[in-house]
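Below is one structure, written out as C-alpha cells, with a few remarks after it.
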Amino acid sequence: MKMPVAAMVAVTCVCLLIPQVGGQEAVEIGSRLEPLLDDFLVQRLDGDARLLLHKPQPREVVLVADQPWEGNTSAYYTVFQDGDRYRMYYRGSHHDTAARRAAHPEVTCYAESRDGIRWEKPELGLHEFQGSTRNNIVWTGAGTHNFTPFKDENPAAPPESRYKALAGGSGGLIALQSADGLSWSRIVDKPVITQGAFDSQNLAFWDPHAKIYRECHRAFRGVRDIMTGTSDDFLTWTGPTFLEYPDAPQEHLYTNAVMPYPGAAHVLIGFPTRFLPATQQVEPTLMTSRDGRSFRRWTDALIPLDAPEERDGNRSNYMTWGLVQLPGSDAEWSVYATEAYYTGPDSRVRRFTYRAGGLVSIRADQGGGLRTKPLRFSGSGLVLNYQAAEGGQIRVEIQDNEGRPVPGFELQRCQALTGDSLAAPVRWQGDADLADLQGKSIVLSFELRRAHLYTLQFR
C-alpha cells in the first residue's frame, strides 16, 4: 500500500524534547495489541505529529434488496464471520412512494457468503410470504423492524442459544435464540430491556475482555442518543445509562454499531450514524472507548454523502453492524454501508475497505514524535503496523521514566523502518535484549517523518 505524499516534504530528523515523568504509574499492556486511535498511551506529541482519522475506500455493491419481500427500505444490516462463511441479516421492507405507505409487512432476511463479496439468498423454506416459503426469511414475529443477531462467543452459552438477538419496538427489546442462526425463538415472553426508544438498530454482544454481555440501544436526550447496559446472562440487564462523549458536540446519533476492536477486545469501536434533521440525511462516523461508557467521537463523516452511489437521499447512508476480514485479504478490513433508500424499486449494500488496523493513525509529515506514558510489557520484541512514504521513516528509543535512554536502545541504534508493513519488528544494533526489560516501567519515544503509525505490540 502506498500513502499519498503530495502534502509531505522531506526534512531533517526532529530531536524530541522530553519532559520528566517520574512517578507516573505504568500502564500494564502485557503483550496485547494496542491500536493508536486515542490518547490512552500518549504522553506527548511533538512537531506535526497528530491523530489522523482515516476513511474507508468504496468498493463493489455486494447485495441488492430486490425480492418481493425486500425493497427500498430494507435496512439495519448485520454482518459477521462464522467459520468459513459470512452471515448477513437485515430487514426486508418496501415503501410505496405513490401510496406513501409500506407495501408489505416487514420481515427479517438472511444472506450468506464464502468471500464477503458474492452473497446468496438461500431458499430456506422457513416462513411464508404471499403464499410461498421459497424465500430467505428467518423471522416474522415481533421485532422484524430491527432484528439484530450475533454469534455468542461466551464459552458457557448452551448449544440452543449459540446465536442470540435483540429485537423490538415501543414495548421494549425482546431476547431471541437460535442453534443454527436460521430458526429463531423467543427466550422469554417479556421484553428484557424496556427503558429507551427502540426504533433503530439496537444490539448486543459478548465482551470477551470484560466477560459480560453489552447492549447499546436508542434513547433520547434532547437528540437521538445511545444508552448502554450489561448482563451476565443476556436476560437480566443493568439499568441503562447514556454514553458520554467528552468534548464532542451534541448531535443526533441514529445507530451505534458498537463492537470490540478486532484483535484488541479491551478497546470498543462504534460506527454511529449521524442524522441531519434539516435534510433527513445520514452519515457514518467513528467513536472509540476503553470502558464502554465514555467514547471519543470523531466528527468527520467516514462515508460522505457524495460517495458512490445514491447515498445523499433520506436515510440513505447507514453503516452496517460488522467489520470483517475476507479470505486472502489480510492487509485490509471490510465494512459495509447502505445506499438508495426510500426511492426506486430496491436498496443496496456496498462494501468499503480500510487498511487492516487503519481506522486512526499517529501521523507526522515534516517531522514529529510520540512519547508514550510509562508502560510495562511482556515479550521479547516490539512490532509496529506502520506506513512510510518515500523518504520517510520511523525510529524508536526506549527510555526510563526520567527520559533517559536505556543503554542499547538509544535512537541512533534503532534501524529505521521504511516502506509499509502490518507487523514489522523494531531492531536495535548491538546485543541488548528487549526481554530483559519485561516487567519494568519504560517509555517508548518514537521519531516519525512522512509516516503513519497505527498499532504497536510487544510479542
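Below, the figures for the structure above:
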item	result
Unmet criterion (only one of (1) over 21 Å from N202 (Cα atoms); (2) out of contact with any Cys (no Cβ under 8 Å at 6 or more places or on another chain)) for N146	(1)
Among the candidates G439, G391, residue that is in contact (Cβ under 8 Å) with a residue 40 or more places away in the chain, touching a strand residue (DSSP E or B) at 6+ places or on another chain (Cβ under 7 Å) and not in a loop (DSSP other than H, G, I, E, B)	G391
Selection from segment 431-459 of residues that are at pLDDT 95 or above and either touching a helix residue (DSSP H, G or I) at 6+ places or on another chain (Cβ under 6 Å) or among the acidic types (D, E) (or both)	D433, D436, E447
Residue within segment 282-296 that is surrounded by fewer than 18 Cβ atoms within 10 Å (Cβ to Cβ) and acidic (D, E) present	yes
Filter result (among the hydroxyl-bearing types (S, T, Y) and within 16 Å of A337 (Cβ to Cβ)) within segment 251-276	Y254, T255, T273
Selection within segment 95-111 - of a type in the set (D, E, K, R) and either under 18 Å from T133 (Cβ atoms) or in contact with a Cys (Cβ under 8 Å, 6 or more places away or on another chain) (or both)	E106
Odd one out for S113, checked against (1) in contact with a Ser or Thr (Cβ under 6 Å, 6 or more places away or on another chain); (2) under 16 Å from N136 (Cα atoms); (3) of a type in the set (S, T, N, Q)	(1)
Segment 131-171, subset buried (at least 17 other Cβ atoms within 10 Å of the Cβ) and at positive phi, residue modelled with the highest pLDDT	G143
Failed item in (1) surrounded by 21 or more Cβ atoms within 10 Å (Cβ to Cβ); (2) closer than 25 Å to G92 by Cα; (3) touching a Lys or Arg at 6+ places or on another chain (Cβ under 8 Å); (4) of a type outside the set (S, T, Y), with V349 passing the rest	(3)
Residue identified as under 28 Å from Y213 (Cα atoms) and touching a strand residue (DSSP E or B) at 6+ places or on another chain (Cβ under 9 Å) among S289, S316	S289
Within segment 441-459, considering residues that are surrounded by 15 or more Cβ atoms within 10 Å (Cβ to Cβ) and among the charged types (D, E, K, R), the one farthest from Y354 (Cα to Cα)	E447
G196 vs. criteria crowded, with 19+ Cβ neighbours inside 10 Å, in contact (Cβ under 8 Å) with a residue 24 or more places away in the chain and on the phi > 0 side of the Ramachandran plot	yes
Wholly enclosed strands (runs of 3 or more DSSP E) of segment 211-313 bearing at least 2 residues of a type in the set (V, I, T)	224-231, 264-270
Check on F409, at pLDDT 95 or above and either closer than 20 Å to L33 by Cα or not assigned by TED's automatic domain parsing to the domain that holds G47 (or both)	no
The listed residue being out of contact with any Gly (no Cβ under 6 Å at 6 or more places or on another chain), under 24 Å from D39 (Cβ atoms) and crowded, with 21+ Cβ neighbours inside 10 Å, out of E397, E339	E397
Considering residues of segment 163-199 that are charged (D, E, K, R) and in a loop (DSSP other than H, G, I, E, B) only, the residue nearest to T236 (Cα to Cα)	K190
Members of segment 205-261 that are at positive phi and surrounded by 14 or more Cβ atoms within 10 Å (Cβ to Cβ)	F234, A257
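So that you can scan it fast, the table gives a plain yes or no per residue for (1) more than 11 Å from the chain's Cα centre (by Cα); (2) not acidic (D, E):
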site	(1), (2)
D232	yes, no
P240	yes, yes
Y245	yes, yes
P249	yes, yes
A257	no, yes
P262	no, yes
F271	no, yes
Q280	yes, yes
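Conditions tested, residue by residue: (1) touching an Asp or Glu at 6+ places or on another chain (Cβ under 9 Å); (2) at pLDDT below 95.
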| site | (1), (2) |
| --- | --- |
| Q195 | no, no |
| D199 | no, yes |
| P208 | yes, no |
| Y213 | yes, no |
| C216 | no, no |
| F220 | no, no |
| V223 | yes, no |
| I226 | no, no |
| D232 | no, no |
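The values are calculated or read from the model by the stated rules, or taken from the named source; none is laboratory data. In this text the structure is predicted, and so the values were computed from the model without any measurement. Neighbour counts are summed over all protein chains in view; Cβ atoms, including those assigned to glycine, are modelled from backbone coordinates with ideal geometry.
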